[in-house]
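A short reminder: the numbers here are calculations on the coordinates, not readings from a lab. Because the structure is predicted, anything quoted here is derived from the model rather than measured. All Cβ positions, even for glycine, are placed from backbone atoms using ideal geometry, and neighbour counts span all protein chains on display.
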Amino acid sequence: MHTYNMQNQTSIRISSDLLNALKKFKEEGDSYEDILWDFIEPHLELSKEAKKDMEISRKEFERGETFTLEEVEKELGF
């Protein structure tokens, strides 16, 4: 679920057909903004920092520097 500033809102006009299509994707607690973000986010470019972090993580995984869920839970005291 996305958070947004209520003061920075606007209205858009959409057809009834589009509204009905969006309703099919709406789940309990979702706003139409949530649905639209879900469609848009995969198309946004990752930042250079995010790409760098992903590459670091990939290399750590290849070196076997990973932890099981059980190990993490034990470390966190769950």
Classify segment 29-78: rounded, prolate or oblate, from the alpha-carbon gyration tensor (a ≥ b ≥ c, eigenvalue square roots; a/c under 1.5 rounded; otherwise prolate if a/b is larger than b/c)?
oblate
Residue by residue through segment 56-73, the couplings from Karplus 6.51 cos²θ - 1.76 cosθ + 1.60 with θ = phi - 60°, in Hz, x for Gly and Pro, are 4, 4, 4, 5, 4, 5, 4, 7, x, 7, 10, 10, 7, 4, 4, 5, 5, 4
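Kindly state, to the nearest 0.05, the FRET efficiency for residue 9 paired with residue 41, given R0 = 22 Å and r defined as their beta-carbon distance. The partial results should precede the final answer.
Values: r = 19 Å, r/R0 = 0.86.
With R0 = 22 Å, the Cβ-Cβ based efficiency is 0.70.
Going through the chain, which GluC sites (Glu not before Pro) have at most 11 other Cβ atoms within 10 Å and a DSSP loop state? Before the final figure, lay out the partial values.
Values: sites: 27, 28, 33, 45, 49, 55, 60, 62, 65, 70, 71, 73, 75; in loops: 27, 28, 45, 65.
Taking the chain and a limit of 11 other Cβ atoms within 10 Å, the loop GluC sites (Glu not before Pro) found are 27, 28, 45, 65.
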Shape category assigned to segment 1-44 from the gyration tensor of Cα positions, a/c cut at 1.5:
rounded
For residue 48, which lysines qualify as cross-link partners when the Cα separation must be under 23 Å and same-chain residues fewer than eight apart are set aside?
59
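Less than 14 Å Cβ to Cβ from residue 59, Lys/Arg counted +1 and Asp/Glu -1: what total charge do the surrounding residues give?
Values: positive: 51, 52, 58, 63; negative: 53, 55, 60, 62, 65.
That sum, taken over residues with Cβ under 14 Å, equals -1.
Using helices alone, I'd like the mean residue ellipticity at 222 nm for the chain: each DSSP H run of four-plus residues gives -39500 (n - 2.57), total over residue count, nearest 500.
-15000 deg cm²/dmol
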